[in-house]
Structures are given as structure tokens and as C-alpha cells.
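Since the structure comes first, as C-alpha cells, the remarks are kept for the end.
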Amino acid sequence: SSPASHASRINKKTASRGAEGSGGAGKAAALFPLRRSICPSGLPDAIGLPDAIGLPDVKKFTESWILKMNKAKRTAVIAGNWKMNMTPSEAKKTVADTAALVAGKDGAKIILCVPFVDIASAQCGAEGSAISIGAQNVHFAEKGAFTGEISASMLKECGVEYVIIGHSERRQYFAETDETVNKRTKAALAAGLKVILCVGEVLEQRQSGITEEILSMQTKLDLAGLTADDLKNVIIAYEPVWAIGTGLTATPEQADEACGIIRSVVAGLYGGAAAEGLTIQYGGSMNEKNAAELLAKENVDGGLIGGASLVPEKFAAIVDAAQA
Ligand code: PGA
């Protein structure tokens, strides 16, 4: 069916669920805060995926085939997201301290995504270690009049291997939309970067029972137009917005279920083998205490870690938990 009919179906569902809940109209309006900025002028047929927000082909997580996919076929990836923290000199020392603590722990790929101005000094700190230094955003244009932005080729030439795209803080504070996330992802991949693509629901969406719809919509829109080959250079990070920086963590079961939903969506788009090979991280207050339980789950292949990645001992303990 057409994008417009998907839209009206989802909107009706949203409105009626909102009305059933305690908050009435205000609650319904709170359900799609990210979506409103995602689709300011309607639905995303502009990016050429007509059924992009549809759900008919999404297999349910509860279907056993998704649970039986072989976790061993995936690379565990522990990535730190430093956000806007650390000066270049602090970065060099923190990376060097982290490198010393994680030396020889090669059971997981280790990445630290640092502010742009810290990239060079962080690389100095990482020298001789297996830590890869990544960035936290990238613009979609090759170059031009985009004051304050950084292009994929600039990052590539700086020796950056990974870039985070679509973090909820970018969506929330910097008007990032699924359309621009998709464009940034394509530009990054075209330049030979690997992408850590973030998706996740806000609290009102989870409480309203539409987490699956939100994850499906974001995954489809953000990956629109990518080939199965492109997907080999993409990691998806499931980051429930309500768990980021709040100290609240999804339970291992919630994290597993959400990562399974994302894997199901990817299976629908690219087939089972692609879904089986896709690394899906959990992010949202992952720390040295809860990491082992989260990482043990079948569909959780790593972590995207904010606060705890700033403290070498804590980050190293999470890397330890990923060795099993
Ligand atoms: P947090 O951040 O670990 O501080 O919750 C995670 C993230 O935003 O990637």
C-alpha cells in the first residue's frame, strides 16, 4: 500500500493508543517526537522506499528462526562514544590508559569515537594497540559551504575507520532526521568509512507499545538504498533514548528483544544471511556491572558506551565482559 495509507494507519493507531492511555491528546503528540522532525512534510517517499514505514514483512522476534541465528558468525564490537568530552591532551592520555588495560583482549573489536579535534591525539594514544579511533558524526556532502561540518573524505584521510551516525542526541538537539541519517550513511560508506548507525525509541513510544514500529521505521528509513554489500560495513546500535545518560538500563531481555526486532527487519530487507552477520550493539547506560548480562544475550553483539567509556577502568571491564 502507499506511504500515505501507512501514515494514516500508524497515525490512527497512535492516536487511539494515546487516547486509551492517561495523557489524552498530549500523550499522542509525545509519541513521535523524533518522527515529527523526521518527516516534516509527510512521508519519506522522497528517499525512494515506498513502503519504508510499513510493517507487513517484519517477522516477529518470537519466531524461532531469528533466535537460532548463529551469534558466533558475528564480530563483537565494544565502542565508546565520548560525546563532547576531553581536550586533545586528555584524549591522548585516556586512550593510552585504556589501551594499556585492554592489551591482548582481542575477543572484541574495540573502538573509541572521539570529538573531531581529538582524533589525532587519540590516535597517538592508541598507537601500537588494537583500539580504532572513530568519529561521532559526518556530513553528507563531499565539500562546500557547510560551516562547521566535516566530510567523510576528511575523516578518511585522518585515518578514521568508524563513524557514529544518527545518535539520538543528534536527532534531538541538532534536528537530525532519518532522511539526513540515511544521506550521511551513504556518504560515509561511499568514502570507505564504516558506520555505527543508531536507532531507538523514546520512553512514550515504549510505554505506548510501539517500540517495534519505531525500530522498524527507523531501520528501514536509515538503510534505504543501501545494498547488502554496504551492510557489511554497518553496525546498528540499538539505543533506547530513555536509557541514554539516565542510569536506566534496558533489561537484558528488553535489549535482546529490541535487537532481535532490528535483526528481523534487516532479514526482511536483505535476507537471513545478512541479518545473521550483522553486528547489533546495545547502548544506554551500559557499564562494568551490567555489561556481562547484556552481552550474553543472543542478539546483543556488543555495546555503544557513553559515560563509562570516559573511564579507562570501566571501559576495560566492559571489554573484559565481551571476551567470553
Ligand atoms: P550512556 O550513553 O552510556 O552514557 O548512556 C550511551 C550513548 O549515548 O551512546
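The values are calculated or read from the model by the stated rules, or taken from the named source; none is laboratory data. Keep in mind the model is a prediction, meaning the values are calculated, not measured. In this analysis, Cβ positions are derived from the backbone assuming ideal geometry, glycine residues included, and neighbour counts consider all displayed protein chains. The accessibility values were calculated without ligands, DNA or RNA, using every heavy atom of the protein model including side chains. Shrake-Rupley method; radii C 1.70, N 1.55, O 1.52, S 1.80 Å.
Would region 256-269 turn up any residue that is without any contact (Cβ under 8 Å) to a residue 40 or more places away in the chain and either farther than 23 Å from ALA135 by Cα or open to solvent by 10 Å² or more (accessible area, probe 1.4 Å) (or both)?
No: zero hits.
For region 134-153, name all the residues that are small (Gly, Ala, Ser), at negative phi and away from the ligand (no atom under 16 Å from the Cβ).
Answer for region 134-153, where residues must be small (Gly, Ala, Ser), at negative phi and away from the ligand (no atom under 16 Å from the Cβ): ALA141, ALA145, SER151, ALA152, SER153.
Starting from residues that are within 15 Å of LEU189 (Cα to Cα) and not hydrophobic (A, V, I, L, M, F, W, C), keep the ones in region 142-153 and report whichever is least open to solvent (accessible area, probe 1.4 Å).
SER151
Give the number of residues within region 270-304 that are over 20 Å from LEU223 (Cβ atoms) and either buried (at least 18 other Cβ atoms within 10 Å of the Cβ) or more than 16 Å from the ligand (Cβ to nearest atom) (or both).
The number of residues fulfilling the criteria is 13.
Only one residue in GLY307, GLY260 is among the small types (Gly, Ala, Ser) and within 14 Å of the ligand (Cβ to nearest atom), so which one is that?
GLY307
Could you check region 97-115 and list, in sequence order, the residues that are open to solvent by 40 Å² or more (accessible area, probe 1.4 Å), outside any loop (DSSP other than H, G, I, E, B) and touching a helix residue (DSSP H, G or I) at 6+ places or on another chain (Cβ under 6 Å)?
ASP97, LEU101
Can you pull out every residue in region 223-251 that is within 16 Å of the ligand (Cβ to nearest atom) and in contact with a strand residue (DSSP E or B) (Cβ under 6 Å, 6 or more places away or on another chain)?
Within region 223-251, ILE235, ILE236, ALA237, TYR238, GLU239 meet the criteria.
Pairs needed: first member in region 158-183, within 15 Å of the ligand (Cβ to nearest atom); second member anywhere, open to solvent by 10 Å² or more (accessible area, probe 1.4 Å) and assigned to a helix (DSSP H, G or I); C-beta distance under 6 Å; at least 6 residues apart or different chains.
Pairs that qualify, where the first residue is within 15 Å of the ligand (Cβ to nearest atom) and the partner is open to solvent by 10 Å² or more (accessible area, probe 1.4 Å) and assigned to a helix (DSSP H, G or I), are ILE165/ARG184; SER168/VAL241; ARG171/LEU34; GLU176/ARG170.
Any chance region 200-213 includes a residue that's out of contact with any Asp or Glu (no Cβ under 7 Å at 6 or more places or on another chain), in contact (Cβ under 8 Å) with a residue 60 or more places away in the chain and within 15 Å of the ligand (Cβ to nearest atom)?
yes
Return the pairs, sorted by first residue and then second, in which the second residue is within 9 Å of the ligand (Cβ to nearest atom) and in a helix (DSSP H, G or I), the first residue lies in region 242-254 and is closer than 11 Å to TYR282 by Cα, the beta carbons are less than 8 Å apart, and the residues are 6+ apart or on different chains.
Hits for this filter: ILE244/SER168; ILE244/GLU169; THR249/ALA243; ALA250/ALA243.
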